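> Please read through the structure below; I'll follow up with questions.
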Amino acid sequence: MLEVLTGSGLAASAGLNAYIPLLLMGLLARYTDLVDLPSGWQWLGNSWVLVILAVLLAVEVVADKVPVVDHANDLIQTVIRPTAGGLAFGAGSSSQTVTVSDPDTFFSSHQWVPVVVGVLIALGVHLLKSAARPVINATTAGFGAPVASTAEDATSAVMSVVAILLPVLVLVFLVGFVAFLFWFLRRRKERRRERAAARAAGFRV
């Protein structure tokens, strides 16, 4: 069960920022004993991979805080974030960490399953983020973009750390995500109804 929570937390984190969970896992595997990557994922701790991830993270952090640019960035990230989520779930659920001591027993026969699950989780989080950002930009005249982006980056970083060190708390993040999803969908439906009513009133006038 801890393998699933660790993988889910890292995949959800990748849905907010593709590079934070991968970079964190690579750094922890290379410089600490908190993460022991399996043979198929050792490349995450490679120096060049870490440098590339750091550069991509820097670009992502800047681009995601500029209105209009953040929308273009989200379109590009529609492919990148789910892919990173699949990699993060696969690596995280297969790694030996301070909380997961025997990961091979869970996904031993179907190695592709965690990657697919990670892709789906990250895609869901990414789609919600992408749908919410235009609403935030429109209602705040663009000033909300850097605030929302900073909050998303911070959430991604905290969730990545929690997924590795205290995976049980990932349940809190997942429950919060589902609650926010229901609230956001209901709020968007209400806004559409209000706009339709306003248009109808305009036609009557």
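The values are calculated or read from the model by the stated rules, or taken from the named source; none is laboratory data. Worth saying up front: this structure is predicted, and the values here are computed from it rather than measured. Note: ideal-geometry Cβ built from the backbone for every residue, glycine included; neighbour counts use all protein chains shown. SASA here: full protein model, heavy atoms, side chains in, ligands and nucleic acids out. Shrake-Rupley method; radii C 1.70, N 1.55, O 1.52, S 1.80 Å.
> Six or more apart or on different chains, Cβ atoms under 8 Å: show the pairs whose first residue is in region 154-166 and at positive phi and whose second is among the small types (Gly, Ala, Ser) and open to solvent by 50 Å² or more (accessible area, probe 1.4 Å).
Cβ pairs passing all conditions: none.
> Determine which member of the set 58, 29, 54, 14 is over 30 Å from residue 132 (Cα atoms) and in a helix (DSSP H, G or I).
Working: 58 fails: over 30 Å from residue 132 (Cα atoms); 54 fails: over 30 Å from residue 132 (Cα atoms); 14 fails: over 30 Å from residue 132 (Cα atoms).
Residue meeting the stated conditions: 29.
> How many residues does region 127-153 hold that are within 20 Å of residue 54 (Cα to Cα), aliphatic (A, V, I, L, M) and touching a residue at least 60 places away in the same chain (Cβ under 8 Å)? Spell out the reasoning first.
Looking only at region 127-153, we keep the residues that are within 20 Å of residue 54 (Cα to Cα), and these are 146, 149-153.
So of that shortlist, the ones also aliphatic (A, V, I, L, M) come out as 151.
Cutting the leftovers down to touching a residue at least 60 places away in the same chain (Cβ under 8 Å) gives us none.
Residues in region 127-153 being within 20 Å of residue 54 (Cα to Cα), aliphatic (A, V, I, L, M) and touching a residue at least 60 places away in the same chain (Cβ under 8 Å): 0 in total.
> Moving on. Within region 104-145, how many residues turn out to be at pLDDT below 80, of a type in the set (Gly, Ala, Ser) and open to solvent by 30 Å² or more (accessible area, probe 1.4 Å)?
4
> Can residue 47 be described as over 22 Å from residue 133 (Cβ atoms) and not hydrophobic (A, V, I, L, M, F, W, C)? Full working, then the answer.
On the way: over 22 Å from residue 133 (Cβ atoms): yes; not hydrophobic (A, V, I, L, M, F, W, C): yes.
When the stated conditions are applied, residue 47 passes them.
> Check off (1) modelled with pLDDT under 75; (2) assigned to a helix (DSSP H, G or I); (3) not polar (S, T, N, Q) for residue 159 and give me the number that stays unchecked.
The number of the failed condition is (1).
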